[in-house]
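**Student:** Below: one structure in structure tokens.
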Amino acid sequence: MLFGNWLEVYFTSEREKFLIAENLLNEQGISYKTDIINNSLRLLGNRSPALCRDGNVKDYYKILVKKKDTLKAKHLLSGI
């Protein structure tokens, strides 16, 4: 996904940590965007979607901030 002037500062597969990160950015007034990669569907060799049945399905959560806020956000989120 293209976000232009936005850079990824946080990536996790743990929803709880993602929510903590969002709260920290909100508290500091840092604008952010999120991208969630739903990993519950897999493509098989024939390109038809099938549910993943191995029990290890995780969603991935990304947080992006404006370039000017990158250092501040990375520092803020480094303790999570």
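**Student:** Cβ-Cβ under 8 Å, sequence separation 6+ or interchain: first residue in region 53-80 and under 17 Å from Asp35 (Cβ atoms) and modelled with pLDDT of 95 or more, partner in a loop (DSSP other than H, G, I, E, B) and hydrophobic (A, V, I, L, M, F, W, C). Which pairs?
**Tutor:** Leu64/Phe3; Val65/Ile30; Asp69/Ile30; Ala73/Ile30
**Student:** Looking at region 1-29 only, could you name the residues that are at pLDDT 95 or above and among the aliphatic types (A, V, I, L, M)?
**Tutor:** Leu7, Val9, Leu19, Ile20, Ala21, Leu24, Leu25
The values are calculated or read from the model by the stated rules, or taken from the named source; none is laboratory data. A quick note: this is a predicted structure, and the numbers were derived from the prediction, not measured. All Cβ positions, glycine included, derive from the backbone under ideal geometry; neighbour counts span all protein chains shown.
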